[in-house]
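Structure first, then comments.
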Amino acid sequence: MKKLVLALPLIAGASWAGTTLYSGAQTQPAYERFLEQMNSTRILVFESKNYDAGFMKSTAVTEVRFNDEDSQEVLFTLNHKISHSPVRMVPESARFGAANIVTTLALDKIKNDEQRDFLTSFDTGEPFVITTDVAMDGTTTSEIKINAVENMGEEAVITSSAATVNLLTDAEGNMQGDGELSKLLITDNSNERGEVSDLTFQFDMGKLEGETSLAKFFYNINLKANVAEAKIVDNSTDEPLAIVKDIYYGMDQKLADKEPYVNFSMGVNSIATDAIPLRSLDLKSAVTGFQVKALIANADYFAGITSSDEPDKLLFTGKGLEIIRATFPPDTRITIDATADTLDGAIDAKINLWFAGNGSPDGYTGMVTVGDLAKAFAATININADKSAIIASPLGELLGHPFALLYLNITDDKVILNASLDRLSLLVNGQTLPLELMAGEMLTVPLKNAIGF
């Protein structure tokens, strides 16, 4: 027993030291995952300039540039202070075997005096502080605090409350998070100020299973963002010129499914202004019927297209067209459903556009001319609008035009358009428009001349 009691401090010390080293070993992979995730946007380049690993503390430096070969100018530099500890104590909880990373902007590296003055005008003299906990399994939990600011520049006065963004990333690269900003005011030289209140967002991004290395550009995504109110105010009278309430945006993308899809939604529940008659708007769209296997199998090629200054030259090559054919098979479609309420009535529109193919097994084989490709698309368009809403709009004067009388269904209170497109034959409210005859010689242009097909 005496030997056991004497050994306990040694066992505890060895466990503490081992856990600290393990935690430190997990920190650098987490830092490298951070760089990989940020670089996957292809907009900015995050480059590690230094990683100094220590027993209890480590430091790292990251330089950030635009993803532009012509410019190697450093936009800004991030400093990372890393503490390794087997137990991280915070008021809310205790975590075993974690490391803590504090990331700040290197203000001394900002060369532009105006930019540096703006960044140091934030509360505490820091624009933001990122605090990250790294667990033993590689999971990272980050809190991004953007400090409040009141900056009086030559062109605008910016006032903002503090904002918070929370992020959770696991060792496989899946990420979820949320954030909020309660108030933002911008006043420019026009003597008007813009105000945004209660901006919130939340998202969940999951990597495609089994494609960890190749699918870094492809995620299942669920995103929701809301703004409670945005308005423009006349500073001289303090009267609102426009008030917009309940702005929303959503995205639901499932690429791992056998039938992948991308859904978008956006709109405004309430608009109050004399500038436009619009009072609310709801827009939903979806992309379905496509496949991502070819894109994932050629992730490097896809990355080259997204970062190229001339993506069409890469896209319309033999390899690019092969990927297009595999990604957009017959029945790939885009649907749009929009509803708008105005002071004078409602307008409802539904659009359905899809690639029907040319009847060959892959939908493409045998295409020779631009006309062959154009004939492979089909569509339906349905618009139902209150006549009073159309009359009050810039389109109102066109309702008496012979073309409108021929192709629109106009009643005492409605304006209706029902159209369908099939093999370049456009049927509009029962009237046929032969687009093939109207397009003429343009449709005879060889595809290889038009797009390098």
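The values are calculated or read from the model by the stated rules, or taken from the named source; none is laboratory data. Since this is a predicted model, take the numbers as computed values, not measurements. Every residue, glycine as well, gets a Cβ built from its backbone with ideal geometry; the counts of neighbours run over all protein chains shown. Areas reflect the complete protein model, heavy atoms only, side chains present, ligands, DNA and RNA absent. Shrake-Rupley method; radii C 1.70, N 1.55, O 1.52, S 1.80 Å.
Scanning segment 82-106 for residues that are open to solvent by 30 Å² or more (accessible area, probe 1.4 Å) and in contact with a helix residue (DSSP H, G or I) (Cβ under 8 Å, 6 or more places away or on another chain), we see that the one that is modelled with the highest pLDDT is Ser85. When Gly357 is tested against (1) surrounded by fewer than 18 Cβ atoms within 10 Å (Cβ to Cβ); (2) not in a strand (DSSP E or B), exactly one condition is not met: (1). When you check Ser360 against the structure, is it touching a Leu at 6+ places or on another chain (Cβ under 8 Å), hydroxyl-bearing (Ser, Thr, Tyr) and more than 19 Å from Ala340 (Cα to Cα), yes or no? No.
Taking the criterion of being open to solvent by 60 Å² or more (accessible area, probe 1.4 Å) and assigned to a strand (DSSP E or B), the residues of segment 148-165 that qualify are Glu150, Met152. Would you check if there is a residue in segment 272-293 being in a helix (DSSP H, G or I), touching a helix residue (DSSP H, G or I) at 6+ places or on another chain (Cβ under 9 Å) and free of Cβ contacts under 8 Å to residues at least 40 places away in the same chain? Yes, segment 272-293 contains a residue that is in a helix (DSSP H, G or I), touching a helix residue (DSSP H, G or I) at 6+ places or on another chain (Cβ under 9 Å) and free of Cβ contacts under 8 Å to residues at least 40 places away in the same chain.
Summed over segment 420-445, residues that are within 24 Å of Pro330 (Cβ to Cβ), free of Cβ contacts under 8 Å to residues at least 40 places away in the same chain and small (Gly, Ala, Ser) total 1.
Just to be sure, is Leu437 more than 30 Å from Gln291 (Cα to Cα) and either surrounded by 13 or more Cβ atoms within 10 Å (Cβ to Cβ) or among the acidic types (Asp, Glu) (or both)? Here the answer is no, as Leu437 does not meet what is asked.
Residue count for segment 107-120, restricted to those that are out of contact with any helix residue (DSSP H, G or I) (no Cβ under 6 Å at 6 or more places or on another chain) and outside any helix (DSSP H, G or I): 2. Contact map, segment 103-116: residues that are closer than 17 Å to Val149 by Cβ and of a type in the set (Ser, Thr, Tyr) paired with residues that are open to solvent by less than 70 Å² (accessible area, probe 1.4 Å) and not in a loop (DSSP other than H, G, I, E, B), Cβ distance under 9 Å, separation 6+ or inter-chain. Pairs shown: Thr104/Leu78; Thr104/Asn79; Thr104/His80; Thr104/Phe128; Thr104/Val129; Thr104/Ile130.
In the set Leu214, Leu255, Leu223, only one residue is under 30 Å from Gly194 (Cβ atoms) and either modelled with pLDDT of 95 or more or more than 15 Å from the chain's Cα centre (by Cα) (or both); that residue is Leu223. Being in contact with a Ser or Thr (Cβ under 7 Å, 6 or more places away or on another chain) and not β-branched (Val, Ile, Thr) holds for only one residue in Asp198, Asp178, and it is Asp198. Whether any residue in segment 399-407 is open to solvent by 40 Å² or more (accessible area, probe 1.4 Å) and at pLDDT 90 or above is what I want to check. There is no residue in segment 399-407 that is open to solvent by 40 Å² or more (accessible area, probe 1.4 Å) and at pLDDT 90 or above.
Scanning segment 29-46 turns up one or more residues that are modelled with pLDDT under 75, among the acidic types (Asp, Glu) and farther than 11 Å from Ala99 by Cα. Right, Asn298: open to solvent by less than 60 Å² (accessible area, probe 1.4 Å), more than 25 Å from Asn39 (Cα to Cα) and modelled with pLDDT under 95 or not? No. For segment 113-147, what are the residues that are farther than 27 Å from Tyr31 by Cα and hydrophobic (A, V, I, L, M, F, W, C)? Listed by number, the list holds a single entry, Phe118.
Consider Glu322 carefully, then state whether it is over 26 Å from Ala439 (Cα atoms), open to solvent by 80 Å² or more (accessible area, probe 1.4 Å) and in contact (Cβ under 8 Å) with a residue 24 or more places away in the chain. So Glu322 passes the test. For segment 341-353, a tally of residues being closer than 19 Å to Asn418 by Cβ, more than 24 Å from the chain's Cα centre (by Cα) and among the aliphatic types (A, V, I, L, M) returns 3.
For Ala256, are the conditions met, namely being in a loop (DSSP other than H, G, I, E, B) and under 25 Å from Pro240 (Cβ atoms)? Spelling it out, it is not the case that Ala256 is in a loop (DSSP other than H, G, I, E, B) and under 25 Å from Pro240 (Cβ atoms). Do we find a residue being under 22 Å from Lys284 (Cα atoms), exposed (fewer than 15 other Cβ atoms within 10 Å of the Cβ), in contact with a strand residue (DSSP E or B) (Cβ under 6 Å, 6 or more places away or on another chain) and at pLDDT 95 or above anywhere in segment 196-203? The answer is yes; a qualifying residue exists.
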